[in-house]
Each structure stands twice: as C-alpha cells, then as structure tokens.
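These notes concern the structure reproduced below.
The values are calculated or read from the model by the stated rules, or taken from the named source; none is laboratory data. Keep in mind it's a predicted model, so treat the numbers as computed, not measured. Please note: Cβ atoms are built from the backbone with ideal geometry, for glycine as well, and neighbour counts cover all protein chains shown. Ligands, DNA and RNA are stripped out before the accessible areas are found, and what is left, the full protein with its side chains, is counted by its heavy atoms. Shrake-Rupley method; radii C 1.70, N 1.55, O 1.52, S 1.80 Å.
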Amino acid sequence: MLGTIFNSTLVAELTKLPLQTRSISDSVLTGMDPTEVDTSNPVILFIIQLFIIIGFTQGLGWAFQFINQPRVIAEVVGGIILGPTVMGRIPHFTDHIFPKASVPFLNLVANVGLILFLFVIGVEVDINVMKKNGFACAAISVAGMVVPFGLGAAVAVPVYHTYVDTDNVSFGHFMLFIGVAMAITAFPVLCRILTSTKLLDTKVGVIVLAAGVGNDVVGWVLLALTLALVGSGTGATAVYVLLCAIAWALVLLIPVKRAFLWLVKRSGSLEHGPTPGIMTLTLLIIFTSAFMTGIIGVHPIFGGFLAGLIIPHHGGFAIAIVEKIDDLVSLLFLPIYFVLSGLSTNLGLLDTGKIWGYIILICVIGFLGKFIGCAGAALAMKYPLRESAAIGMLMSCKGLVELIVLNVGLSAGIIDARVFSMLVIVAIVLTFVTTPCTLWIYPEHKRERLHGPSAANKEKDSESVIEGNSGLGGGSGGREQTSRFLVILQKLEHLSAIMFLTQLLEAPSTVSRKPFNAAGVIDHDLKKGEFTDGSTSSTPENVLARLPTSETDGDHDISSPHTSTLSIDALKLIELTGRTHSVMQSAEKDQLLVTDDALQLFKQFGRLRGLEVTPHISIVEQDSYPQAVADYAFDLETELVILPWTVPIQGTSSELIDPSATTNTSTGLVSQFDTIFGIESSGSPIYTHFVRRVFSECNSDIALFVDRGFGSSTSFTPGSGQHIFLPFFGGPDDRLALRFVIQLCRHMNVTATIVRVEKPDQDGLEEDDSVQDESTNGGKSESVQIHQAALASNQLTVGHANSAYPETQARLASDTADNIAWTYYNTTSIPSRSKSIDDALTRISFYSTKSSTPLSYSFTCASSAIQSTTSSSTSSWRPMLIVTGRGRRGAAINHSQELNKLLADKGLNPSIGAELRKTVGDPATALILGGGAPGTASFLVMEASKK
C-alpha cells in the first residue's frame, strides 16, 4: 500500500515538472547544458551527480579515518553538506546538480542498493554466533532493547505534542516508531567499529557481536510491525498485513531455504564458491522477496533482509556471496542513499533553543537506555566492570541502520522534516562518540584476548615460560630437541617451502622391520587341532608369503625424549578489513579452517608424513600480524616459530639484491625502501617489517626461512641429498642454529658442514673500541660511513649488536656456553649423548679456525661447499641450505666494521644493505650480498628467545 501511494505521488509530481526532451545529436559543442534533466536520457546528469557524491563522501571518509570514525559518519555528513544545510545555500547549486526532477532516478538506484544492503545484513546474521555465547548474549540483547524502548516511548510524549501533526499521525504509531529508533543497534557499523578498535578477537567483541545479531533481528521485526500498523487503515488490515508477512517469511525460511541449500550443494558452490547460475538465482530471490513484501504493505527492504536469512553459512558460502556484491553496495549505492538523506535534512529548521534542548534530551535518553540496559545485563552475567561498560558503550551505536529507519519513517509520514533532522543529529552524535569512548573505557592494555596471555599476567607468564625453557638444556647447554613448531602461512606460495623444511624434521625410525613367517604360526595352530579336515598342507609350493612385522631395535631407546612426536601448528594470517565479508570471516573461523586450501593441504601433507599438524586462523589487521604470531606462540607454548619468505630467482639475475641499484654517495642520501630487493615482485618492505617485528615481539625461538629455490619450479632427482652449511661465530643465536642443524641431520639424506670462525684474541674483545676510534678519528671512507648511518636508522628490534652482553662477565659467560656446545658435539664419544645424535654427527663435518675477517672466510667456505655439492658426480643434491644465527642480539663477534667495508666495496645501495642487515642479521647479509653461489642459496636465519 505504501508503494502504491509513493508511486502515485511520484507520477503526479513528475507530470507537474517542465521536462525537456533532448535530441540524440545534442552535445556540449552545440550548446547543450549537461545539467538539464532529460527523462529520455538521464544518465548524463546521473554521472555528474555520481562523481560528486562518490568523490565527496570518499574524501570525507579518508579524512574521518584519522579520528577513528567509521565511514558512515563521513557519508551522512557529506550528504548533509550537499543538501540544503550548506551547499544548497549556494545559488542554483541544487537546481543544477540535484534538481527535483532528477531525485526519482537517484531514489530508484538508492533503493535498489538499499535492498541489496539489507540482504547483506541478513546474511551477516548467523544464529550460530548467538548459540556459542548462549544465555549471556541473549540477556544483553533483550536488556538492550527493552530499556531504551521504554525510555524512547517516554520521550515520545513531549516530542509528539510539540513537533508532530497530531491530526495525521497517531500517537501510538509515533511512540512505537521512536521506541524502535531508540532500541535498534547499527549492527554493520558496530562490526566496523570492532574492527577499527581491534576488539573482534576479545571477549567484549565476541559478546557484542552475538548480542548485536539478536538486537538487529528484533529491531527489523519491530519496524516492520510499525509500518504495517501505519500503512493499514484499520486494525483488521494491520493483522492481515502481519499475517501475510509472517507467511512469506515462513515460505522463505523453510521450503525455499531447503531447496536453495540443495541446489547449492548440487552445483558444487559450497566447495568452489557460488557459480553464475547460483548468483543469478540469489538475485532473483532477493528482488522477488522485496516485491512480495512491498505489495504486502510492509516495505521492499524487508524482503531483502529475509532473503539474506536463507543463505547457508556452510563452507564459507555466505562469505563468498557477500564478497561479490559488498563493494558495489558500499561504494556506489549507499553513498547515493545517504546523499538523498542529506537532501531531506535541513539543519536550518533547528533554529530555536527549545529544539536543541530536545535534541540533547533525546541524545541522553538514547545513550543511557542502551548503556544502562546492556552494561547492567553484563554486570549481572558476572562480567568485570570495565568490560561491562565497554559492552554498553558499543551497543549504543546507531549509525547506518538508524538512518535507514528514519528515512523509512519520513517516507511513511510518521515524522516530518524537522523531527527527521533532529533524529539525524542524534544518530550522528551517538555514533561519533562510540569509538573514542570505547577506547577510553577499554584501552588496549586492559583487554583480554581470545589468544595469547591477558594483559594482566602477560609479563609474569612470559617470565615463567622462559624459566621453564631454560631448564630444558642437555649436555650442549640448551634444548637438543625442538618438538613444538608454529609455522606461519600467509600465502599459498609459502606452502612448498614449509613442506620442504617440515620433511627434514622427520626423526629416524627407532623400529626395525623384520620378516615374519605366518606359515609357521598356522602350522602351530594346526597341530593344536584347530583345522582337522586336512585341507591345508605345508608343502614348499604352498608355503604362505612372509608378512612384514615390526620389532623394536634393541639398539634404540624408544623412551628417549629425542624420538618424541613433533607437534606442528600452522597459523594462517588473514587481513581484517572494513569490508563486510572480512568481518564475517572473523565470526566464522571454524568454517574457514576446513575450507582454506593452504591449511588443508599442509594438514594432509603432515598426515601422509606421520606428523601432527593443527591448523589455526587469525584474522586481524595487517599491523597486528606480529602480535598475533606472538600471542599464538605463547598460547600454544611454541618452541620454534618458522617464518617463510619465498624470494625466487627471476629473469637473468642470480642476485637476491640488484647490485646496480646504488645511492649517490656524494650527497649521502639514504632511502629506507627504495628498490629494496631490486626485482619488484621478489621482496616487500612491508614483509621485512613484519619479520622484524616478529623478531622483536615474539618470546619464542624464531627461524626465518628465506626460500630461494625449494618453493620454485626447480626440480630435483628423487632421493636427492640435502647439504647444510653453518658458520658458527658464537652467541645464543648461533648456539640455537647449531643445535637445530644437528636435529636436521638426523634425517638420513641430510649432511652438514659446520665451520667455527673466531677472531684472534686481540680483536675479539676490542672490536667495539676499535670501531669507535676509527669513527671519531675519521678513519672510515665516506661510503662506509653512509652504510653505518643507514644501519643506525629505523631500528625496530635492537639498537646495538652487543646490547645483550654489555659487560665482560656476561661476554665470558657466553663464550663459555659456546665452548660447551662446540665441545659437546665435536667430541667423538660422550656417554650421555643419545644414539640419534651420534648417528647425526656421522654426517657432519666440523672445522674450527681463527680469522680477522670472519665474514669473508665464511663466504669462501660456503662457496666451496656449494661447489662440492654441485660438482659431485656420484649423487644428486638439492640446492644448499645455509643456516646462520641472526646475531642482532648478543653476538659474540661484532661484524659491523667488516660488513660496512664489504658493502661499500661492492657499491651497493646503503638502504638495501641496511634493511637486509636489520632483517636477517650481518652474517646472512654478508653471504647474500657477496654474490656468486652463496647469494643464490636458501637461508635459515635463527634467533634465540629473549632470556
């Protein structure tokens, strides 16, 4: 009925407007005015309006993000500015840009977008989210509806008698509308606020998201009830309207939903995403439902909402549907809708103090109703005071849904332009204060996240973990067997590199396979009389095949801790954006765990190799990736975090870094990220900062696997051996690398060369002093000084290489630990050493020397090792893997002076060298930038936990 009234009114208005019909040959060259309305070709003016709307709202959205405000605020404010309040006061602006004759066309496009947006809101409603949080979210949702509805009904009394046409609007209808407007929560905007404030992975975020779902559903039902009552002439008609709406909802939610799910499964859309046929069917269902609710007399937007409720959430199907239409709706349709709202908003009508007094009163009522109701319910559910206050603050958000409700009320005649403008101000104010007040009530250091330690006991628990790990040392002075790993998967291309490294971790079998004579057992059973018919004989021709069995080899000790089962946790990092499908991903992690290709492939690989692989997903903002890794490592009690970095060799260059990229040494200009890896697609400054922050924030041991060939198209002969080269300079990182190389060499196809390089006694302890003396006396060349300046800038992890050992006593303690580890592994026979380690040591070559240029010497050794494996004619080898300690904290030798000289001699860009040094450390940088074969090898850079 409302649709009929609206269409008849629209036709009547259009017939009164003087419209012009433009010839198809008209153009601006012949004097045509593109802002004139032409009903036969309205697209020209529509494009002008579209450019102004999108450009203006997106520009304001970009500005508002600096004050942590959702984009909807910018769109609403932009609409008000483009309306009669500001831009409308410019002479002829409205007549040329938004003339009345063009409004119906904008209104048609906006309402199509609004139907699709309500469909997206319906898809976001996942009842499983409410089920997971049970009674608490239901109590908060109900309290967040009842209390503000009651207060809204109370404030509706003076507003109705002061500003509403009582002859045409019933008080009951007005009271019901104001109650709904006060009780509803803007669920889509709430999701964006939870994203921007990084609350989605906290207890508060989870409970607010669940309560918002229930609040959203009930709010739309109440609004449909209000419109049904308003649009019906009598009470009996309202009942019929409601019954028809309920009947259509039941048709959609039961038979149509089941049939749609059957078709989705039949078409394979659950596994591979929606097909074009399923997308076409989905759109037809949306607009058919909108048509039905429109002719019933409710509103077409409710049809879109009901259509969203039937979309299945299995296998990430709902996320894929929303991903296909979300951007079009949010970037094109909704800004048009909000500008139309702005054209209906005239703040010039709010011209008395009494009006602004009522605005303040409604703001207070709207806020207190939600805050007291939700926070009180949370306190009753035994939530802490701070968390309860945050829940109440977040649930008071209005925003987008409130504007839709107000526009529906305006078009239905429940409120006029003055009350509409008053309530728009209320919606803007309550949405604007939500983010800053939430951050003030619930700051980041007070939050309790779902993963990682809570803020209160994080430091205490970290110390206890470190103390626990320190007691795991064996005869080598440290943990000899790493059994709990956390591998990070961000891209599918990381998978092959991780698979390669994982298979090297397989421990040798402690079980020997021996033949078993089944025929002998059967003969024994025959003698016992189990078979007496003589049908079986034991002639040589009929002897049964020998079946293999397993017997424990007496030389191996199964109870040894070194044969324990490896536990590998795979963490997939997904960026959390402001888009709807991204928020849905965060709420449906369980579905993503079983549909993510990388995690499932790695899990199946682990199952085939006999490894225990547990998948995890973390959906956070990109700048929170390092903290997510640190939290999961803590939560899972990880011993070693493995970060993959796939940088394949491309084109004709064999260098990891383009040596032709240099900096003008005469000017001394240093760019932090300019041509960081030469080849644009090879490396990313963002990823290097992610790696460096993980090194800085994670308390577990960390290994950075720089893959230069294992994950590329390079093919290997089956059974190829793997050779590892380790330059050992000393320090906690090198000791960790030494023990891990020994563990890798337990694999039968892995061999290693370990070279210990020490400086002569007079240089080893006085490196820092000599460097300082040369720096103050100007002994360095200008290019060396530039490289040192580049390294000193933008330090994310540590300030100096030797910061962990500032005193001679600590340095001597580190040297003693180096000697203990080296002696333990380099001695022929030690009774306390396990047989698995002894077996691994037979495939390792140890060498020790002293050199005043340890980096150059290790580069020479690495080149020789690579040449030996590549020139071998007796067996095939994979590309060599170089393992180094990062050496950025507590290094036994300061390589700064030697590496600065090496970089300067090669004329490399100081910015590139500095970034690489701060990411992988000096030893790996020297081997990578040295050129030749070591520069193309893969690297495993290790850093010990902060103890």
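Anything over 28 Å Cα to Cα? Flag those among 835/946; 572/835; 835/918; 589/918; 759/901; 257/572, in the order listed.
Numbers: 835/946 31 Å; 572/835 37 Å; 835/918 39 Å; 589/918 34 Å; 759/901 17 Å; 257/572 32 Å.
Those over the limit are 835/946; 572/835; 835/918; 589/918; 257/572.
Skip the ligands, DNA and RNA, and give the accessible area per residue of region 395-438 with a 1.4 Å probe, whole Å².
Each residue of region 395-438 exposes 19 Å² on average to a 1.4 Å probe.
Kindly rank 695-708, 161-174 from highest to lowest mean number of other beta carbons found within 10 Å of each residue.
Details: 695-708: 23.3, 161-174: 13.4.
Descending packing order for the listed peptides: 695-708, 161-174.
Would you mind checking which residues have amide H under 5 Å from residue 728's amide H? H placed 1.01 Å from N; only 5 or more apart, or other chain.
Amide H neighbours of residue 728, under 5 Å, 5+ apart: 755, 756, 757.
Kindly provide the pair-distance distribution of region 375-419 built from C-alpha pairs, with 10 Å bins from 0 and whole-percent values in order of increasing distance.
It works out to 26, 29, 20, 22, 4, in whole percents.
Counting other C-beta atoms within 10 Å, and keeping those with at most 14, which DSSP coil trypsin sites (Lys or Arg not before Pro) do you find in region 339-419?
382
Report the trypsin sites (Lys or Arg not before Pro) located in region 75-167 that are in a DSSP loop and have at most 12 other Cβ atoms inside 10 Å of their Cβ, or state none.
Loop-located and lightly packed - none at all.
For residue 356 and residue 257 in the same chain, what is the full-extension length gain: residue separation times 0.36 nm, less their Cα-Cα distance, in nm?
30.9 nm
Sort 195-207, 494-506 by the packing proxy (mean of other Cβ within 10 Å over each peptide's residues), most packed first.
195-207, 494-506
Roughly how many percent of the accessible protein surface of region 271-372 is carbon and sulfur, given a 1.4 Å probe and a whole-percent answer?
With neighbouring chains kept in place, the figure for region 271-372 is 74 percent.
No solvent, one uniform scatterer per C-alpha: report log10 I(q)/I(0) for region 82-235 via the Debye equation at q = 0.16, 0.18, 0.20 1/Å, two decimals.
-1.08, -1.15, -1.19
Remind me, relative contact order of region 32-183 in percent, using alpha carbon pairs under 8 angstrom and six or more residues apart?
It rounds to 16 percent for region 32-183.
Calculate one ³J(HN,Hα) per residue across region 688-705 by plugging θ = phi - 60° into the Karplus curve 6.51 cos²θ - 1.76 cosθ + 1.60, and present them in order as whole Hz with x for glycine and proline.
Couplings: 4, 5, 4, 4, 5, 6, 5, 4, 7, 9, 8, 8, 8, 5, 10, 10, 9, 9 Hz.
Step through the residues of region 218-226 one at a time and calculate ³J(HN,Hα) from phi using the Karplus curve (6.51 cos²θ - 1.76 cosθ + 1.60, θ = phi - 60°), rounding each to whole Hz and writing x for Gly and Pro.
Here the 3J(HN,Hα) series is 5, x, 5, 5, 5, 5, 4, 4, 4 Hz.
Run the simple label-point estimate for residue 295 and residue 846 please: 7 Å along Cα→C-beta, distance reported in nm.
With each label point 7 Å from Cα toward Cβ, the separation is 8.8 nm.
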